[in-house]
Amino acid sequence: MAFAGVLNDADVKAALDGCAAADSFDYKKFFQASGLAAKTADDVKNAFKIIDQDNSGFIEEDELKLFLQNFSAGARALTDKETKAFLSAGDSDGDGKIGIDEFAALVKA
């Protein structure tokens, strides 16, 4: 698991179980349940680097779609509706992707 040592496995499992059904993903609930919202700024930046699969410095829509799989390989992909809502919530400057500061703000929202 990419977040071993940063997040509690039981918390991550509970967060994933809470959004197992299609169109049930709520980023605020997920970040709270997984424990990421309570982590330090450095931990949140490290989480961003894990989710930014192509190391572009941004989380793009295709990386957001597979967001849950960063926490557990067997997790589902987000639906198009969930992905677009997640991107819209995080993309404060309207460039179509989420930068590290936008991600940190989203996690702490």
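The values are calculated or read from the model by the stated rules, or taken from the named source; none is laboratory data. The shown structure was predicted, so the numbers you read here are calculated from the model rather than taken from an experiment. As a convention, Cβ positions derive from the backbone with ideal geometry for all residues, glycine included, and neighbour counts pool all protein chains shown. Note: areas computed on protein heavy atoms with side chains; ligands, DNA, RNA excluded. Shrake-Rupley method; radii C 1.70, N 1.55, O 1.52, S 1.80 Å.
For segment 23-46, the candidate set comprises residues that are in contact (Cβ under 8 Å) with a residue 60 or more places away in the chain and closer than 17 Å to Leu78 by Cα; within that set, the residue that is most open to solvent (accessible area, probe 1.4 Å) is Lys28. For Asp91, the test of being at pLDDT 95 or above, out of contact with any Lys or Arg (no Cβ under 8 Å at 6 or more places or on another chain) and not small (Gly, Ala, Ser) is failed. Can you name every residue in segment 35-69 that is of a type in the set (S, T, N, Q) and either touching a strand residue (DSSP E or B) at 6+ places or on another chain (Cβ under 7 Å) or more than 21 Å from Gly18 (Cα to Cα) (or both)? Across segment 35-69, the qualifying residues are Thr40, Asn46, Gln53, Asn55, Ser56. Which residue is surrounded by the most Cβ atoms within 10 Å (Cβ to Cβ), if the candidates are limited to segment 53-73 and must be closer than 17 Å to Ser92 by Cβ and in contact (Cβ under 8 Å) with a residue 40 or more places away in the chain? Here the answer is Ile59. Scanning for something under 25 Å from Asn8 (Cα atoms), surrounded by fewer than 14 Cβ atoms within 10 Å (Cβ to Cβ) and out of contact with any Asp or Glu (no Cβ under 8 Å at 6 or more places or on another chain), does segment 80-98 turn up at least one residue? No, segment 80-98 contains no residue that is under 25 Å from Asn8 (Cα atoms), surrounded by fewer than 14 Cβ atoms within 10 Å (Cβ to Cβ) and out of contact with any Asp or Glu (no Cβ under 8 Å at 6 or more places or on another chain).
The C-beta contact set for segment 1-15 (first residue without any contact (Cβ under 8 Å) to a residue 24 or more places away in the chain, second residue surrounded by 14 or more Cβ atoms within 10 Å (Cβ to Cβ) and of a type in the set (Gly, Ala, Ser), distance under 7 angstrom, 6+ apart or interchain) comprises Ala14/Ala33.
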